[in-house]
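**Q** Below you'll find the structure I mean.
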Amino acid sequence: MNRFLKPSIDWLFVLFPVAIALDRSGSASPPVVFFTAALAIVPVASLIVRATEQVAERTGDAIGGLLNATFGNAPELIIAIVAVRAGLHDMVRASLVGAVLANLLLALGVAFFYGGLRHHTQAFNPETARASSTMMLIAAFSMAVPSAFNRFFTQGEPLREERSLNLGIAILLFAVYGLYLLFSLRTHPEVFESVEAKKKPAKHAAPPWSMPRAIGSLVVASVLAAWMSEILVGAAEGTGRALGMSQTFIGVVILAIVGGAAEFGSAVAMAGKGKMDLSVGIALGSCIQISLFVAPILVLCSQFVGPKPLVLSFSRAELGSLFLGVLIGALVCNDGRAHWYKGVQLVTVYVVMAFLFYFLPQTPG
């Protein structure tokens, strides 16, 4: 009982019914609804942090990071599906790019900075970073192909061939993601083994949570985050108009940060506790899931919901930022060491890209 009387981030759970009431009343302004729902997601991220740590104590950093990325990406997936159903394809495509950039540059950068302040220099498995960076480059190339097809061969509505190309690439990315899971969890788990596990045997201290409680907390937190995410999407367009933000900026920056709050909180908290392998696994694993799992799901779902199928035709700014973000992330993570100044470098790149999308003129392509 004393735990709930002390100042805590859990107090923000009170904003859940507030956000629901504001959304259903119809009288509140979109920015008020949007930011109330965004704050309501913060304690959910904290719950996912605690539950993931409990799961990782039993399963190891690789599976713990994968579970966190999976449950943490649920809000992004729900946000995007709702936006696809509403026909906001520009916002959906922007949110996909934004989710990758936010995890790779912002979340990992803040994690490096915070962990570096507490632990000076931290080591993590560089093989994990290199394998993940290669997967990200492949995913970025796969997204660039339909974009190039759209730019050079499509005038107006997508051609039948373009829809077939998008479906084919979506299915291929699903297959590659399945093989990635087989590689990382079954055939070559040592590639993703934490530095601490390689140096010494893990101490199996009994975590205070049972496994059912930890998994149940992850499921409940994901459902709550998805609920708030739907309210966010409903208020996003009106918020953009009220604050002078474009759909692209809302997708790349606002929705990406809010939808990824769970992964961000987890990655930063684990870095602060000296668990840099788990922190890197969460951030990079989320990027891979967005590119190889969430994006294909959206392409397939759009065949059945929404006014028209989604095509992965990204703008030049989105593709350029995606490739640069992946390359810079790979360079910074390549040596398997993290300190606070690396965090500054990654966050600086992210802020520069956020400025780009805020001031980007809304012209075709």
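The values are calculated or read from the model by the stated rules, or taken from the named source; none is laboratory data. Remember, it's a predicted structure, so these values are computed and weren't measured experimentally. Backbone-built Cβ (ideal geometry, glycine too); neighbour counts: all protein chains shown.
**Q** When only residues in the range 105-141 that are surrounded by 18 or more Cβ atoms within 10 Å (Cβ to Cβ) and in contact with a strand residue (DSSP E or B) (Cβ under 7 Å, 6 or more places away or on another chain) count, which is nearest to K342 (Cα to Cα)?
**A** Looking only at the range 105-141, we keep the residues that are surrounded by 18 or more Cβ atoms within 10 Å (Cβ to Cβ), and these are 105-116, 122, 124-125, 128-129, 131-133, 135-136, 139-140.
If we keep only those that are in contact with a strand residue (DSSP E or B) (Cβ under 7 Å, 6 or more places away or on another chain) too, we end up with 112, 115-116, 122, 124.
Values: F112: 6, G115: 11, G116: 9, Q122: 11, F124: 14 Å.
Residue satisfying both the conditions and the ranking: F112.
**Q** Here's something else I'd like to know. Is it true that some residue in the range 321-339 is closer than 14 Å to L108 by Cβ, out of contact with any Phe, Trp or Tyr (no Cβ under 7 Å at 6 or more places or on another chain) and among the aromatic types (F, W, Y)?
**A** no
**Q** Kindly provide the set of residues from the range 90-104 that are surrounded by 22 or more Cβ atoms within 10 Å (Cβ to Cβ) and more than 11 Å from the chain's Cα centre (by Cα), ordered by number.
**A** M91, V92, R93, A94
**Q** When you scan the range 249-268, do you find a residue that is out of contact with any Pro (no Cβ under 7 Å at 6 or more places or on another chain), of a type in the set (D, E) and closer than 16 Å to A19 by Cβ, even just one?
**A** Checked the range 249-268: no residue is out of contact with any Pro (no Cβ under 7 Å at 6 or more places or on another chain), of a type in the set (D, E) and closer than 16 Å to A19 by Cβ.
**Q** Here's another thing I want to ask about it. Select from the range 262-305 the residues that are farther than 14 Å from A129 by Cα, small (G, A, S) and buried (at least 24 other Cβ atoms within 10 Å of the Cβ) and list them in ascending order.
**A** First, pick out the residues of the range 262-305 that are farther than 14 Å from A129 by Cα: 262-275, 289-305.
Applying the additional criterion that residues be small (G, A, S) yields 262, 265-267, 269, 271-272, 274, 291, 295, 302.
If the condition is that a residue be farther than 14 Å from A129 by Cα, small (G, A, S) and buried (at least 24 other Cβ atoms within 10 Å of the Cβ), then A262, G265, S266, A267, A271, S291, A295, S302 are the ones that fit.
**Q** Further, regarding this structure: What is the number of the single condition among (1) hydrophobic (A, V, I, L, M, F, W, C); (2) under 20 Å from V100 (Cβ atoms); (3) modelled with pLDDT of 90 or more that W340 does not meet?
**A** Unmet for W340, out of (1) hydrophobic (A, V, I, L, M, F, W, C); (2) under 20 Å from V100 (Cβ atoms); (3) modelled with pLDDT of 90 or more: (2).
**Q** Can you run down the residue pairs with Cβ atoms below 9 Å, 6 or more apart or on separate chains, where the first is in the range 261-274 and in contact (Cβ under 8 Å) with a residue 24 or more places away in the chain and the partner is among the aliphatic types (A, V, I, L, M) and not in a helix (DSSP H, G or I)?
**A** Taking only residues 6 or more apart or on different chains, the pairs are A271/A338.
**Q** Keeping to the range 249-304, report how many residues are among the aromatic types (F, W, Y), at pLDDT 85 or above and under 22 Å from A330 (Cβ atoms).
**A** Adding up the residues that qualify gives 1.
**Q** Those residues that are surrounded by 16 or more Cβ atoms within 10 Å (Cβ to Cβ) and farther than 21 Å from E127 by Cα, I need them from the range 314-339; list them, please.
**A** Those that are surrounded by 16 or more Cβ atoms within 10 Å (Cβ to Cβ) and farther than 21 Å from E127 by Cα: F314, S315, A317, E318, L319, S321, L322.
**Q** Considering only helices (runs of 4 or more DSSP H) fully contained in the range 1-74, which possess at least 3 residues that are modelled with pLDDT under 75 and among the β-branched types (V, I, T)? Before you say what the answer is, go through the steps one by one.
**A** Details: elements: 2-5, 15-25, 30-59, 61-72.
Answer list for the range 1-74: 30-59.
**Q** Answer with yes or no whether V176 is assigned to a helix (DSSP H, G or I), surrounded by 15 or more Cβ atoms within 10 Å (Cβ to Cβ) and modelled with pLDDT of 80 or more.
**A** On the way: assigned to a helix (DSSP H, G or I): yes; surrounded by 15 or more Cβ atoms within 10 Å (Cβ to Cβ): yes; modelled with pLDDT of 80 or more: yes.
Spelling it out, V176 is indeed assigned to a helix (DSSP H, G or I), surrounded by 15 or more Cβ atoms within 10 Å (Cβ to Cβ) and modelled with pLDDT of 80 or more.
**Q** Would you check if there is a residue in the range 299-307 being within 18 Å of the chain's Cα centre (by Cα) and over 19 Å from N125 (Cα atoms)?
**A** Applying the first criterion (within 18 Å of the chain's Cα centre (by Cα)) to the range 299-307 yields 299.
Those still in the list that are over 19 Å from N125 (Cα atoms) too: 299.
Checking the range 299-307: at least one residue is within 18 Å of the chain's Cα centre (by Cα) and over 19 Å from N125 (Cα atoms).
**Q** Failed condition for W209, given (1) part of a helix (DSSP H, G or I); (2) touching a helix residue (DSSP H, G or I) at 6+ places or on another chain (Cβ under 6 Å), with all others met?
**A** The failed condition is (1).
**Q** Then there's this: Just name the residue that is surrounded by the fewest Cβ atoms within 10 Å (Cβ to Cβ) out of those in the range 342-363 that are part of a helix (DSSP H, G or I) and among the hydroxyl-bearing types (S, T, Y). Before the answer, list the steps.
**A** So in the range 342-363, the residues part of a helix (DSSP H, G or I) come out as 342-359.
This time we only want the ones that are among the hydroxyl-bearing types (S, T, Y), so: 348, 350, 358.
Values: T348: 12, Y350: 24, Y358: 14.
The extreme case among them is T348.
**Q** Taking only pairs six or more apart or across chains, which ones have beta-carbon atoms under 7 Å, a first residue in the range 13-40 that is under 17 Å from L255 (Cα atoms), and a second residue that is among the polar types (S, T, N, Q) and at pLDDT below 85?
**A** What qualifies is P30/T239; P31/T239; F34/T239.
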